[in-house]
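Shown next, in structure tokens, is the structure this report addresses.
The values are calculated or read from the model by the stated rules, or taken from the named source; none is laboratory data. This is a predicted model, so every value here is computed, not measured. Cβ sites come from the backbone with ideal geometry, for glycine too, and all protein chains shown count toward neighbours.
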Amino acid sequence: MDKAQRKKIAQGVMLVVSVALNIWGLLSLLQTIGTDVGLNYLNGLRLLVRYVVVVITMACGIMLLSYFAGTLKGKAKNILSIAVCTYSTILTIPLFLTFVCCFAVASGHPVPMVNEICYELQDIFHPEGVQYLIFFLGSIMGIIFLAVPILSTYCTVKDIDLIGVILSKIRKDKKVDAADCEQSCLEISETSISVSEEDETEGN
């Protein structure tokens, strides 16, 4: 089996698994919001746990599908990358808004479809300060889930190896630091030699 065949098999596995995870995530979401799609195992879980299952499943499926898109070439890569990014953004915006709206619910201003989630979080995290910390961290998570796919898609479309750029920047900074250290050591050494020569001259 040559390299091209192994790549095609790997791509096929990634596509199948990513699609399966996305379908499972969407069905889990429908089951969680009250539409019976046959995933009855979710009914015995707390509402918050059900949403955690949805988020983890969808996140894994979207990341794998995005990685699959990056293995393609030409227009197919760009079109699928943009489509996955759009799909991810549409699904992530409600997650971000949910945590933002939790601040309002906790302050006594009910928000439809957010109330139950907020009450679940308040039931788990009793200290008010911890509750607001969870809302804040959840909002940050939503921002990250929004920003990362957009940045990744931009780099994919523009053929930018973001990891390579970061690593090269780190290596460059290390080389600069090493050069500065070497220069400082050389200056210290020259200063020490100069001082020693002066001391010998004064002694004579």
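Quick rundown of the values:
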item: Selection count, the range 49-73, where residues are surrounded by fewer than 17 Cβ atoms within 10 Å (Cβ to Cβ) and closer than 22 Å to GLY138 by Cβ; result: 4
item: Sole residue being β-branched (Val, Ile, Thr) and touching a Phe, Trp or Tyr at 6+ places or on another chain (Cβ under 7 Å), chosen from THR86, THR57; result: THR57
item: Any pair with Cβ under 7 angstrom, 6 or more apart, that starts in the range 87-99 at a residue that is surrounded by fewer than 20 Cβ atoms within 10 Å (Cβ to Cβ) and ends at one that is hydroxyl-bearing (Ser, Thr, Tyr); result: PHE96/SER139
item: Out of VAL19, VAL84, VAL49, VAL37, sole residue that is under 18 Å from the mean Cα position of the chain (by Cα) and of a type outside the set (Ser, Thr, Tyr); result: VAL84
item: Single condition ILE140 does not satisfy, out of (1) surrounded by 15 or more Cβ atoms within 10 Å (Cβ to Cβ); (2) assigned to a helix (DSSP H, G or I); result: (1)
item: The listed residue being crowded, with 19+ Cβ neighbours inside 10 Å, of a type outside the set (Gly, Ala, Ser) and closer than 26 Å to MET14 by Cβ, out of VAL84, VAL105; result: VAL84
item: Some residue of the range 116-129 being modelled with pLDDT under 80, among the hydrophobic types (A, V, I, L, M, F, W, C), part of a helix (DSSP H, G or I) and surrounded by 13 or more Cβ atoms within 10 Å (Cβ to Cβ); result: no
item: Pair list, Cβ under 6 Å, 6 or more apart: the range 118-130 residue touching a residue at least 60 places away in the same chain (Cβ under 8 Å) and assigned by TED's automatic domain parsing to the domain that holds TYR51, other residue surrounded by 12 or more Cβ atoms within 10 Å (Cβ to Cβ) and not charged (D, E, K, R); result: GLU120/LEU47; GLU120/LEU48; LEU121/ILE134
item: Pairs where the first residue, in the range 145-160, is of a type in the set (Gly, Ala, Ser) and the second is at pLDDT 85 or above, C-beta under 7 Å, 6+ apart; result: SER152/SER66
